[in-house]
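The values are calculated or read from the model by the stated rules, or taken from the named source; none is laboratory data. Predicted, not measured: the structure shown is a model, and the values here were computed from it. Because the Cβ atoms are built from the backbone with ideal geometry, glycine has one as well, and the counts that use them run over all protein chains shown. Just so you know, the surface numbers come from the protein's heavy atoms only, side chains and all, with ligands and any DNA or RNA stripped out. Shrake-Rupley method; radii C 1.70, N 1.55, O 1.52, S 1.80 Å.
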Amino acid sequence: MTSEELIGVAKSHLIQNYKQQPVVLSRGKGVELWDVGGRRFLDMTSGIAVCALGHAHPGLTAAIAEQAGKLLHASNLYFIEAQIVLADLLAKKSFAERVFFCNSGGEANEAAFKLARRFGNTQNPEKNEIISFFNGFHGRTLFTVSVGGQEKYTKGFEPLPGNITHLPYNDLETLEAHISDKTCAVVVEPVQGEGGILPATQEFLEGARRLCDKHNALLIFDEVQTGMGRSGRLFAYMGYGVTPDVLTSAKGLGGGFPIGAMLTTKKYAEVLPFGTHGSTYGGNPLGCAVAEAVIDIVNDPAVLAGVNQRAERLRRGLDEIGKRYGILEPARGIGLLIGVPLVPAWKGRAKEIVNAGLRHGVWTLVAGPDVLRVAPSLIISEADMAEGLKRLDAAVAELAAMPKAANG
Ligand code: PLP
């Protein structure tokens, strides 16, 4: 079928809960992608910060083929070799002593929030408040949209889970004034991803750690987007030197294969004994084998150092485009999670840059209406970065020259 025919079928048979670009993908290699008609694109999004090693990485392809030939699924009624190896690896490379595996970021956070509630309930029946932050994003289950700080994702789904308080991000004073012994957890993204690529301040994370200790509340870091090398460290908490009690990971963890994980310590893992939580597919052998391969490749000092070098190069290029056309402010973010805010006169128009980029064969993302997001593979080549920037430059030039109404 042609692209047009396939899109016609998609519109007939898919629930229209996404606004998809009119591109039907067929294959990828590194940061290159091709649609069914053979048109080539450069992917500066890695599938929303997922494909940490680009598309069709030979190391991941080999791990998938090998594991698929051995065992795809067995259930959590048995011990699974690949799952044990991955848990051991994560424990060795992070603060974690215990891991729960699932299939996505939302599920990892759902597990973390359930753990937080059970932890609170074991202390005091009134200790069940979860504090999170405006513009935060933690997934699309009912509990995770409720903890997330964006009303647009909860509207129409009421009644919502209760006793969740949203506070301003990076505002330690307000957190200090509000947190109490009835708080069971504070949930933070070290860099707000969907909310605009806003890094937490050092002071905010250190203060949150201190306040959680003072009030015996769990500090939960959602590292679904910041984890797995994207920050230039395996996890962003390592760069801040602030260790959470619970950390959630997904996206880059499977490099494109769906897997999520909740990491915690022995002490807090004990509040989730037999029968309290679970998942049929969580920790399945295939996902675990892929994640092991991703960690082995990403958690290499040269690869992690390369993330910061590439980030510098891209930020420099983006800043040059910003200056040339007067549409973009200086880039911000951490490692290869880069946000480029639009200047005040262009607020609300980030999507137009994404659309213009697509016309020029380069994919970018928005992070809210006012911020362009760039999050390519952690091993993108110099040549691909140069080509991506050149195409984006042409897209921004076209947009800057266009009357507003012409670029819907
Ligand atoms: N947490 C953060 C910080 C995210 O950025 C996302 C997805 O964008 C999620 C959680 C949800 O992950 P998933 O879509 O895999 O459920």
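Pairs with C-alpha atoms separated by more than 20 Å, drawn from the list K19/K114; K19/K152; K70/K251; K19/K351; K92/K214; K19/K155, are K19/K114; K70/K251; K92/K214.
Excluding R233 itself, calculate the net charge of residues whose Cβ lies under 11 Å from the Cβ of R233, where each Lys or Arg counts +1 and each Asp or Glu counts -1. With Lys, Arg at +1 and Asp, Glu at -1, the net is +1. Phi angles of segment 381-398 translate, via the Karplus equation with coefficients 6.51, -1.76, 1.60 and θ = phi - 60°, into HN-Hα couplings of 7, 4, 5, 5, 4, 4, 5, x, 5, 5, 5, 5, 4, 5, 5, 5, 4, 4 Hz per residue; Gly and Pro are given as x. Among rounded, prolate and oblate, which fits segment 82-124 when a ≥ b ≥ c are the square roots of the eigenvalues of its C-alpha gyration tensor, a/c under 1.5 means rounded, and a/b larger than b/c means prolate? Oblate.
Here the scattering of segment 1-160 is modelled by Debye summation over its C-alpha atoms, one equal scatterer each and no solvent; at q = 0.11, 0.14, 0.15, 0.21 Å⁻¹ the log10 of I(q)/I(0) is -0.76, -1.14, -1.23, -1.33. Each residue of segment 219-236 is assigned a 3J(HN,Hα), and the resulting list reads 9, 10, 9, 8, 10, 4, 9, 8, x, 6, x, 4, 8, x, 10, 4, 10, 5 Hz, derived from the Karplus form 6.51 cos²θ - 1.76 cosθ + 1.60 (θ = phi - 60°), x at Gly and Pro. For the listed peptides 299-310, 314-325, a ranking on the average number of other beta carbons within 10 Å per residue, highest first, reads 314-325, 299-310.
Taking the Cα centre of each part, how many Å lie between segment 235-297 and segment 137-152? That distance is 20 Å.
Carbon and sulfur together cover what percent of the accessible area of segment 1-83 at a 1.4 Å probe radius?
Details: 3250 of 5380 Å².
Roughly 60 percent of what the probe reaches on segment 1-83 is carbon or sulfur.
Classified by the C-alpha gyration tensor, segment 121-195 has an oblate form. Its axis ratio a/c, with a ≥ b ≥ c, is 1.5 or above, and a/b does not exceed b/c.
Looking at the chain, the DSSP beta bridges with both ends there are about 65 percent antiparallel.
Per-residue ellipticity at 222 nm from helix content only, as computed over the chain with -39500 (n - 2.57) for each DSSP H run of at least four residues, stands at -12000 deg cm²/dmol.
Counting only heavy atoms of the protein chains, get the accessible area per residue of segment 57-143 (1.4 Å probe) and round it to a whole Å² value.
Details: 4450 Å² over 87 residues.
Accessible area per residue: 51 Å².
The separation of segment 32-86 from segment 340-361, counted between C-alpha centres, amounts to 30 Å.
Shown in residue order for segment 28-44 are the 3J(HN,Hα) couplings computed by the Karplus curve 6.51 cos²θ - 1.76 cosθ + 1.60 at θ = phi - 60°: x, 8, x, 9, 8, 9, 10, 8, 5, x, x, 6, 9, 10, 9, 9, 9 Hz (x for Gly and Pro).
Whenever you get a sec, line up I334, I353 from highest to lowest accessible area (probe 1.4 Å, protein heavy atoms). Mind showing how you got there, number by number?
Details: I334 35, I353 0 Å².
In descending accessible area the options line up as I334, I353.
For L272, the solvent-accessible surface computed with a 1.4 Å probe is close to 40 Å², ligands and nucleic acids excluded.
Could you work out the percent of alpha carbon pairs in the chain separated by over 39 Å, rounded to a whole number?
Working: 14680 of 83028 pairs.
Across the chain, Cα pairs with separations above 39 Å total 18 percent.
The value of relative contact order for the chain, using C-alpha pairs under 8 Å at least six residues apart, is 21 percent.
Ranked from the most accessible area to the least, with a 1.4 Å probe and all protein chains present, what is the order of S12, S94?
Values: S12 85, S94 20 Å².
I get S12, S94, largest accessible area first.
Does segment 201-334 come out rounded, prolate or oblate by the C-alpha gyration tensor, with a ≥ b ≥ c the root eigenvalues, rounded set by a/c under 1.5 and, if not, prolate when a/b is larger than b/c and oblate if not? Oblate, since a/c reaches 1.5 and b/c is not below a/b.
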